[in-house]
Amino acid sequence: MTRRALLALLPLLLLACGPKGSYQDVGPAELYRALESGALIVDVRTPGEFAQGHVPGAVNLPVEAIATWADEVPKDKPVYLYCRSGNRSRQAAEYLKKRGYTNLYHVEGGVRAIQQAGYPLVR
């Protein structure tokens, strides 16, 4: 495992005994319906991946820096998390869940599933 990966996982391990929240797994259709309702859409990929194409209206908050942005995520509106395949966004959801968030939605399959379902990405 690379040093970068270990650093990204460290905050998750440190919060293992913290408050318990929750999140739901959703698909691309629910994500795109949430765009219309004002939900926060968070792309946890790297800035380079984000620049190659992302969900319209998404903000780029890389999972590698989650410890610096986690407290800025609102707890009073739905927050949808996605990445390329669903792995990093699940890590982010788990991290936020352990911080007590209950308004989280994890997009299963990430960008791959979004593209397979035919939904648009923007650059």
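Could you check VAL44 against (1) loosely packed, with under 13 Cβ neighbours inside 10 Å; (2) closer than 12 Å to VAL111 by Cβ; (3) β-branched (Val, Ile, Thr) and say which number it fails?
If we test VAL44 against (1) loosely packed, with under 13 Cβ neighbours inside 10 Å; (2) closer than 12 Å to VAL111 by Cβ; (3) β-branched (Val, Ile, Thr), just (1) comes out false.
Please enumerate the residues belonging to the stretch 82-123 that are touching a strand residue (DSSP E or B) at 6+ places or on another chain (Cβ under 6 Å), free of Cβ contacts under 8 Å to residues at least 40 places away in the same chain and closer than 15 Å to GLY27 by Cβ.
Scanning the stretch 82-123 gives ARG90, GLY110.
Please enumerate the residues belonging to the stretch 50-77 that are part of a helix (DSSP H, G or I), buried (at least 17 other Cβ atoms within 10 Å of the Cβ) and out of contact with any helix residue (DSSP H, G or I) (no Cβ under 7 Å at 6 or more places or on another chain).
PHE50
Do we find that TYR80 is outside any helix (DSSP H, G or I) and crowded, with 21+ Cβ neighbours inside 10 Å in this structure?
For TYR80, the condition - outside any helix (DSSP H, G or I) and crowded, with 21+ Cβ neighbours inside 10 Å - is met.
Could you list all residues from the stretch 31-80 that are touching a residue at least 12 places away in the same chain (Cβ under 8 Å) and within 18 Å of GLN116 (Cα to Cα)?
LEU31, TYR32, ASP43, GLU49, GLN52, GLY53, HIS54, VAL55, PRO56, listed by residue number.
Among the residues of the stretch 89-112, write down those that are touching a helix residue (DSSP H, G or I) at 6+ places or on another chain (Cβ under 8 Å) and farther than 16 Å from ALA58 by Cα.
GLN91, GLU94, TYR95, LEU96, LYS98, ARG99, GLY109
Only one of (1) closer than 23 Å to LYS20 by Cβ; (2) part of a helix (DSSP H, G or I) fails for VAL42. Which number is that?
That leaves (2) as the condition not met.
Any residue that is touching a Cys at 6+ places or on another chain (Cβ under 8 Å) and either on the phi < 0 side of the Ramachandran plot or modelled with pLDDT of 95 or more (or both) - is there at least one of those in the stretch 21-29?
Looking only at the stretch 21-29, we keep the residues that are touching a Cys at 6+ places or on another chain (Cβ under 8 Å), and these are none.
There is no residue in the stretch 21-29 that is touching a Cys at 6+ places or on another chain (Cβ under 8 Å) and either on the phi < 0 side of the Ramachandran plot or modelled with pLDDT of 95 or more (or both).
Could you figure out which of (1) buried (at least 20 other Cβ atoms within 10 Å of the Cβ); (2) not in a strand (DSSP E or B) isn't true of SER37?
(1)
The values are calculated or read from the model by the stated rules, or taken from the named source; none is laboratory data. Predicted model only: the values in this text are computed from it and were never measured. Glycine also receives a Cβ, built like all others from the backbone with ideal geometry; neighbour counts cover every protein chain displayed.
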